[in-house]
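This report refers to the structure that appears directly beneath it.
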Amino acid sequence: MHDKYYDNVVRESDVRYDVVADFSNPSDYRLIERALARNKFYRFSTMKKYLPMVKSIREFITSDDWLGNLKVQAKVPNEYNQILSPFEKLHILDNALKIIQKNIVKNYQKERGTNQFIPIAVKDVVKYYQKVIPKLSNKTISEVIKPKPMSKANWFPYDWAIADQLETSLINRIESWLDELKQTHKNIYLIRNEETISTWSLHEFENNEVKHYEGYMPDFILVLDDGDIMYQVYMEPKGDQLLERDEWKQELLESIRPENIEIIGETKDVRLYGVKFYTTGDGRGIYDELKKKEIFH
């Protein structure tokens, strides 16, 4: 049976494999570097965003950790009895590098989990910010955002707490603990982790791969310093209607324990904790939880 398409099929026995570029061969570096220069993705400033561990383009080409063992080959019909021209090799290498680029970008999304916390200055977290306060409408009272004056509360770093009813309830609850906390802690601060001023977030990982890409930022960080140990407690108010949907966030919070994490660059004794969601009236008992952690001593 003859078919105009069948006549164009090349059998495996009728082809050869020509080496286009061998990344372990220095004599091919000129061609490789030229191909890299034709693709904006392989500019070092761009690559560094996706491959933060790579130190230079040359290392990317030569190191066994990157492309050092790569060999690009072309499948060529035997009837093509000429060697590949430099232009043909460059075109083939262009396509190979595009495939590598696609895989780098694709795998960049697969963030790896870490239990390391890196310290940042408080001044980089606590900044002035603005928030629109909506006018009263048909929203339920728990959703209404109101400003609460805090200029006289030296334990709160803002002049105003712009919060909904549940968030305000948590602020008031912590205020009611102050006398007890002051018995053992020299410095007490409640930092509002406002999403408009912070770029970090927590992610839940499973088997070193990210499980929830969206991540989240706990709304409040309670900082306590007794002179020897600094405690940081991550806290999040949560309405009852959201408890089931956001259960993974609570599990992530409760996994934050000194024995589970590593703090980079700190010489002072710092201990990080996460607690259950704060619900109306402290229904989940975070006060008792903090008592058990001996934060109140």
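Can you sort Glu262, Glu244 by 1.4 Å-probe accessible area, starting with the largest?
Details: Glu262 85, Glu244 160 Å².
Output order, biggest surface exposure first: Glu244, Glu262.
Leaving ligands, DNA and RNA out of it, rank Tyr17, Tyr29 by accessible area with a 1.4 Å probe, largest first. The partial results should precede the final answer.
Values: Tyr17 115, Tyr29 35 Å².
Putting Tyr17, Tyr29 in descending order of accessible area: Tyr17, Tyr29.
Taking a probe of 1.4 angstrom, what is the accessible area of Val105 in Å², to the nearest 10?
Spelled out: Val105, probe radius 1.4 Å, area about 50 Å².
Tell me the accessible surface of Ser24 in square angstrom (1.4 angstrom probe, heavy atoms of protein chains only), to the nearest ten.
70
Would you mind computing, in nm to one decimal, how far apart the modelled labels at Phe41 and Arg58 are, each placed 7 Å from Cα along Cα→Cβ?
Going by the 7 Å Cα→Cβ label model, 2.5 nm.
If ligands, DNA and RNA are left out, what is the accessible area of Lys276 with a 1.4 Å probe, given in Å² to the nearest 10?
70
Output the pairs from Lys40/Lys102; Lys55/Lys102; Lys49/Lys106; Lys48/Lys102; Lys49/Lys71; Lys75/Lys102 with a Cα-Cα distance over 18 Å in this structure; if there are none, say none.
Details: Lys40/Lys102 13 Å; Lys55/Lys102 20 Å; Lys49/Lys106 13 Å; Lys48/Lys102 15 Å; Lys49/Lys71 25 Å; Lys75/Lys102 21 Å.
In this structure, Lys55/Lys102; Lys49/Lys71; Lys75/Lys102 exceed 18 Å between Cα atoms.
The values are calculated or read from the model by the stated rules, or taken from the named source; none is laboratory data. All values reported here derive from a predicted model rather than from experimental measurement. Glycine gets a Cβ as well: all are built from the backbone with ideal geometry, and neighbour counts include every protein chain shown. Just the protein is used for accessible areas: all its heavy atoms, side chains included, with ligands, DNA and RNA removed. Shrake-Rupley method; radii C 1.70, N 1.55, O 1.52, S 1.80 Å.
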